[in-house]
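**Student:** There's a structure below that I have some questions on.
The values are calculated or read from the model by the stated rules, or taken from the named source; none is laboratory data. Since the model is a prediction, treat every value here as computed from it, not as a measurement. Counting neighbours? That spans all protein chains shown, and the Cβs are built from the backbone with ideal geometry, glycine included. Only protein heavy atoms, including side chains, enter the accessible area calculation; ligands, DNA and RNA are left aside. Shrake-Rupley method; radii C 1.70, N 1.55, O 1.52, S 1.80 Å.
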Amino acid sequence: MSINRPRLLLVGAGHAHMEVLRQQILEPFEADVTLVSAGPQHHYSGMVPGYLAGTYSEEEIAFDLVALAEAARIEFVEGKAIDIDPKARRVEIEEGRRLGYDLVSFNIGSRSGGSDRPETSGAIGVKPMSEAARLRHQLESLAARQDDGPRTVVIVGAGAAGVEVALAADRVLADAGRQRRVMLVEASETILSGYDDRFRHKAEKVLAERDLEVMRGQRVEAVDGETARLEDGTELPAELAVWLTGAVAWPVMRRSGLSTDERGFLLVDDRMRSIDDPRIWAVGDCGTMVDYPETPKAGVYAVRQGPLLAEGLRAALTGEVGPAYEPQESFLSLLNTADGKALLRWKMLVSWSRWAWWLKDWIDRRFMHKYQSLAASGGGR
């Protein structure tokens, strides 16, 4: 580290920070840059359902953060951020390590609401990747078991992730020729909240054709490894339960003392900076824009934020103000249905088709190659 250079801290390795790393490789920032991540790899969430279904290997959906940091000539620190001290300009990492900063950007994503309660400890998530790998292993174990009884899987939460994971689980068991009962349990009265009726009806048709059960208006109170108990006392058989409820923030944001929304996400301005402290950025899921509070917690927004974040950080390092970000009104949505097809929504167009899957696979692989190739080439230097 240099004595007189400002310190830029990147916490988390989400979509937006991938672009900041790319910009650092192409044109280094006038700063000492440190990347902090809970693990040495970051996995692209858009391809996790395909990984669960066996379409992709872990290597195909992973970014090697150590190699990217080396290519960018920055420091890499493995650890999970647990607190922020805005006055001292420090971020605390697990095991008591503290990292100072002049500017800090958070791109740490979100977690599923209720997943940290003791009553739900019997369920599996898909984040971090160790959870997704454990889920894939358990699906494969269920499929390999030789008895004739039905395999029972409960997916808690019927948003986009819940629908994709349910269909992936069903595919693994179907390909093994196993009897199965895959159930989606949703607390609200509709699945796929945030989508229009045409898309929702198409998704419901897909689920019905695959004989997946959907329970609306039901809240899961507890999971114990054998059953999922609903709030009315009903117990569903659940050899495997996956918890994929709505997004809430990681505790680090509330601990900071900075302004957050009701779910704990940092409140930011149109330049993605904390409304309390312009030295702190929050992008992707972990920030909520005060002028656009209804913006979905979806990766496509973080991808769009990436170039503007890089420009904004570069400007801030010289005392300038970077560009404003305005979320797009609509976005292309592609859900993997684990049957060689995908559900697509783009403005007024809704499709469930093979060409939609080809488009999704092409977009995902192109996104991965954009950053994986930089690590493989050492940044081209």
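**Student:** Restricted to segment 1-41, and to residues that are in a strand (DSSP E or B) and among the polar types (S, T, N, Q), which residue is surrounded by the fewest Cβ atoms within 10 Å (Cβ to Cβ)?
**Tutor:** Result: Q41.
**Student:** Sticking with this structure for a sec: Could you list all residues from segment 157-185 that are open to solvent by less than 10 Å² (accessible area, probe 1.4 Å) and not hydrophobic (A, V, I, L, M, F, W, C)?
**Tutor:** Answer for segment 157-185, where residues must be open to solvent by less than 10 Å² (accessible area, probe 1.4 Å) and not hydrophobic (A, V, I, L, M, F, W, C): G157, G162, D170.
**Student:** To continue, here is another question. Taking segment 228-258 on its own, how many of its residues are among the aliphatic types (A, V, I, L, M), within 21 Å of V283 (Cα to Cα) and either over 25 Å from the mean Cα position of the chain (by Cα) or open to solvent by less than 30 Å² (accessible area, probe 1.4 Å) (or both)?
**Tutor:** The number of residues fulfilling the criteria is 5.
**Student:** Restrict the check to segment 270-277 and report whether at least one residue is open to solvent by 10 Å² or more (accessible area, probe 1.4 Å) and of a type in the set (A, V, I, L, M).
**Tutor:** Scanning segment 270-277, I find at least one residue that is open to solvent by 10 Å² or more (accessible area, probe 1.4 Å) and of a type in the set (A, V, I, L, M), so the answer is yes.
**Student:** Among (1) more than 29 Å from K205 (Cα to Cα); (2) open to solvent by less than 10 Å² (accessible area, probe 1.4 Å), where does E119 come up short?
**Tutor:** E119 satisfies every listed condition except (2).
**Student:** Within segment 211-228, does at least one residue satisfy the condition of being under 29 Å from Q328 (Cα atoms), among the charged types (D, E, K, R), in contact with a helix residue (DSSP H, G or I) (Cβ under 7 Å, 6 or more places away or on another chain) and touching a residue at least 12 places away in the same chain (Cβ under 8 Å)?
**Tutor:** Checked segment 211-228: no residue is under 29 Å from Q328 (Cα atoms), among the charged types (D, E, K, R), in contact with a helix residue (DSSP H, G or I) (Cβ under 7 Å, 6 or more places away or on another chain) and touching a residue at least 12 places away in the same chain (Cβ under 8 Å).
**Student:** Please count how many residues of segment 47-64 are crowded, with 23+ Cβ neighbours inside 10 Å and under 20 Å from C286 (Cβ atoms).
**Tutor:** The qualifying residues number 1.
**Student:** Let me ask another. If you check V290 against the conditions, is it surrounded by fewer than 16 Cβ atoms within 10 Å (Cβ to Cβ), closer than 25 Å to I84 by Cα and touching a strand residue (DSSP E or B) at 6+ places or on another chain (Cβ under 7 Å)?
**Tutor:** yes
**Student:** Still on this structure, I have one more. Exactly one of (1) touching a helix residue (DSSP H, G or I) at 6+ places or on another chain (Cβ under 8 Å); (2) under 24 Å from L142 (Cβ atoms); (3) open to solvent by 30 Å² or more (accessible area, probe 1.4 Å); (4) modelled with pLDDT under 95 is unmet by Y195. Its number?
**Tutor:** Here Y195 meets the rest and fails (2).
**Student:** Also, quick follow-up: I'd like the full set of residues that are part of a helix (DSSP H, G or I) and over 30 Å from P40 (Cβ atoms), limited to segment 145-165.
**Tutor:** Scanning segment 145-165 gives a single hit, V163.
**Student:** I want to confirm something. Restricting to segment 211-227 and keeping residues that are more than 24 Å from G194 (Cβ to Cβ), of a type outside the set (D, E) and surrounded by 14 or more Cβ atoms within 10 Å (Cβ to Cβ), which single residue is farthest from the chain's Cα centre (by Cα)?
**Tutor:** Here the answer is T227.
**Student:** Now for a separate question. Would segment 347-357 turn up any residue that is surrounded by 14 or more Cβ atoms within 10 Å (Cβ to Cβ), in contact with a helix residue (DSSP H, G or I) (Cβ under 9 Å, 6 or more places away or on another chain) and at pLDDT below 95?
**Tutor:** Looking for residues that are surrounded by 14 or more Cβ atoms within 10 Å (Cβ to Cβ), in contact with a helix residue (DSSP H, G or I) (Cβ under 9 Å, 6 or more places away or on another chain) and at pLDDT below 95, one finds none in segment 347-357, hence no.
**Student:** May I ask you to list the residues in segment 308-340 that are more than 23 Å from G284 (Cα to Cα) and either surrounded by fewer than 16 Cβ atoms within 10 Å (Cβ to Cβ) or without any contact (Cβ under 8 Å) to a residue 24 or more places away in the chain (or both)?
**Tutor:** Listed by number, the residues that qualify are T318, G319, G340.
**Student:** Any residue in segment 79-94 that is closer than 18 Å to A13 by Cβ sitting within a Cβ distance under 7 Å of a residue that is among the polar types (S, T, N, Q) and open to solvent by less than 50 Å² (accessible area, probe 1.4 Å)? List the pairs, counting only those 6 or more apart or interchain.
**Tutor:** Filtered contacts from segment 79-94: I84/S256.
**Student:** Okay, next question. Could you grab me the full set of residues in segment 89-114 that are open to solvent by 50 Å² or more (accessible area, probe 1.4 Å) and either modelled with pLDDT under 85 or part of a loop (DSSP other than H, G, I, E, B) (or both)?
**Tutor:** R89, E95
**Student:** Something else: Can you name the residue in segment 48-88 that is part of a strand (DSSP E or B) and β-branched (V, I, T) and is also nearest to S105 (Cα to Cα) among such residues?
**Tutor:** I84
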